[in-house]
Amino acid sequence: MTAIPIEIHLTRFVDRLTRDIRRLEKTSLRMSRARMGIFLVGVISVVWASEVGRSDVAWILGFIISSVFIIVMMIHSRIAHGIRRRKVYVAIKSRHLARLRRSWDDLLYSDADEADLDHPFEADLDLYGAKSLHHLIDTAFSREGSERLHQWLVQTEPDPEVTLWRQRLIGDLIPLTGFRDRVSLLTSLVLPAEGGQFRGRVLLDWLRAHKTDGRFKMVLVMLSVLAVLTPLLLTLKLISVIELGWWTYSLGAYIIFYLINFRLYAHLFDEAEHLYEQFEIVMPVFGLIESFQFRRDSTLAEVAAPLKKRGALPSRFAKRVMRLAMAASAQRNDVFRIVANLIMPWELLFAYLLERTKSDLATILPEWLEALQVLEAGSSLATFAELNPDYTFPQFAKSDAHSGILSCVEMGHPLLAREECVVNDFKIDGLQHLDLVTGSNMSGKSTFLRTVGINLALANSGGPVHAQAMHVTPLRMYTCIRVADSVNDGISFFYAEVRRLKKMLSELEAESSFPLLYFIDEVFRGTNNRERLIGSRELLQQMSALNGSGMVSTHDLDLTKLADEMAGVTNYHFREHIEGREMHFDYKLHPGPSPTTNALKIMELEGLISENRTPRTVR
């Protein structure tokens, strides 16, 4: 299946669910009217029967009509729940359609952070932030799951074994569309707001923050003894075994001791309610993973293993938390609260059980959250792979200075809409190679550098790449594409570029098992032509002798002469053609240096200079 049939399938699915929602909403409206009618008929019938002196008939009518009303109310509730579930599914599938169409405005993005400008390639390759690769791929419902995906996308040091492990995990998850969508459904139904995220780290910090008072168990034992002793002494008094009212002293001591230790259980209601609210978000997903039958011996089963341990199942903890929440909520009833605490140390007992549950969860929850975060990151990339079936998983090979380190067939940029994306074949023959990319303004040079880089980032993350085929050796990356000056720091554009290139050179000189693939867009663009050419030549000659290979885009056609002066330098270019007053680009990569320029033509088309100008010699 290609992307077009998937888009058609998703569109039809959304349309069908939308029709179901409209039908159910009409049914819901009829049920609302029916409930109102049943209520009015019931009231009138009971009042009429009472007025004519038939109280027995009134009771029977009241019972029958109340039963019918309750049944209708339950049916109405199920319909309302069905409407809500379908609306959530529509939202899930609509976001998948937005991912397919690259409709950024329809894609929720809860992460307000920006890309790290000091990272070797994160900002230049649009890996993080609004309208980034992370924005496009991320389907995680937890903050930590989203962060894990981010970490995978921007890892600086390749790890082939880990990458292949992730590929297997993603491969296991791709066929499980229903499982992935159900995770999204369950969390969307309980998250406080659309686009909200569960924060497991906050819950874990809260569980670890409160330390149990060392006197807790001793106080509970003493109060339990007094709670048993009081009715025993009262019974002995009633049957005249003892004459003195010792039970009153026991009861008094129980009450005083209970009140003195109020702080031990004062937090019960608030903390039990908070724990229940947090678990209400994540427990449905834990429960789904616990009960889902993953293929035995698969990578996915390995990841899910912590949630399937006997004696530490999420479902058991869910029941414990539910009981604690119910016990704590009983405090709302003052009568029950007084009676229950007189009979036994109710609140202290459940406060103690709450502390034990928190302690147990603080120990086991990190394993669960780790599994969840890996599953979320893997599911994001699996969804991305499913929505783009023409993408492929790259093949990794050992690094060899004398063989190709990167070979791509029909490679495109994953952030571009399909109708706008042009694919190219490309390869880097080995280490200490330099590929110079020339071309006119807007011809696609910078985008092509980003295309290679972003696909390599996807490859290292374990995800699929936008290519028909890709063979690559494990590579580090460093980019100098999107450089900016800083008024606050007093750094000019040129100096910012020089500092960035110095860091790149240091990475090339650093000892590493993995060569560096570097990308430079318009080297030394912040200075004059003469010094730029001199500096560019010397820098590129120096870089070409180190542990890596590079891609450099430039307008300086004089730099293309390096191919005649140095081994390992290859020229490529992009072209344009002019039809009437319009400039057209094919965005196809061609061998050799660019034969054309277009800066003056662009100025003419925009009316900045005259079309009939007289050429002048600049002295």
Under a plain spin-label model, where a point goes 7 Å from the Cα along Cα-to-Cβ, how far apart in nm are residue 511 and residue 482?
3.6 nm
Nearest 0.05, what FRET efficiency do residue 326 and residue 29 give at R0 = 35 Å with Cβ-Cβ as r?
0.50
Can you tell me the relative contact order of region 1-96? Whole percent, Cα pairs under 8 Å, sequence separation 6 or more.
45 percent
Going residue by residue through region 513-526, the Karplus relation 6.51 cos²θ - 1.76 cosθ + 1.60 with θ = phi - 60° gives ³J(HN,Hα) values, rounded to whole Hz and with x marking Gly or Pro, of 6, 10, x, 9, 9, 10, 10, 10, 9, 6, 4, 6, 5, x
Please give the contour-minus-distance gain from residue 525 to residue 308: 0.36 nm per residue of separation, less the Cα-Cα distance, rounded to one decimal in nm.
72.4 nm
What distance in nm lies between label points placed 7 Å from Cα along the C-beta direction at residue 295 and residue 224?
5.0 nm
Could you work out how far apart the two model spin labels at residue 255 and residue 288 are, taking each label as a point 7 Å from the Cα in the direction of the beta carbon, and quote it in nm?
5.2 nm
Fewest to most Cβ atoms within 10 Å: 387, 365 sort as 387, 365
Can you give me the Cα centroid spacing of region 402-443 and region 112-145 in angstrom?
23 Å
For the pair residue 494 and residue 564, what calculated FRET efficiency results from E = 1/(1 + (r/R0)^6), where r is the Cβ-Cβ distance and R0 = 25 Å, to the nearest 0.05?
0.30
Remind me, relative contact order of region 505-560 in percent, using alpha carbon pairs under 8 angstrom and six or more residues apart?
49 percent
At a 10 Å Cβ-Cβ cut-off, how would you order 323, 310, fewest neighbours first?
310, 323
Listing 408, 421, 480 from the residue with the fewest other Cβ atoms within 10 Å to the one with the most, what is the order?
421, 480, 408
Rounded FRET efficiency, nearest 0.05, which uses the C-beta distance separating residue 209 from residue 50 and R0 of 60 Å
0.50
Over 24 Å (Cα to Cα) among 503/588; 561/588; 398/427; 87/308 -> 503/588; 87/308
What ranking do 49-55, 77-83, 547-553 get when scored by the average of other Cβ atoms within 10 Å per residue, highest first?
547-553, 77-83, 49-55
State, as an integer percentage, the relative contact order of region 395-605 based on alpha-carbon contacts under 8 Å between residues 6 or more apart.
28 percent
Using DSSP, restrict attention to beta bridges with both residues in region 395-605 and report what percent are antiparallel, rounded to the nearest 5.
40 percent
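Every number in this text was worked out from the coordinates using simple rules, so none of it is lab data. Everything numeric in this text was worked out from a predicted model, so none of it was measured. Because the Cβ atoms are built from the backbone with ideal geometry, glycine has one as well, and the counts that use them run over all protein chains shown.
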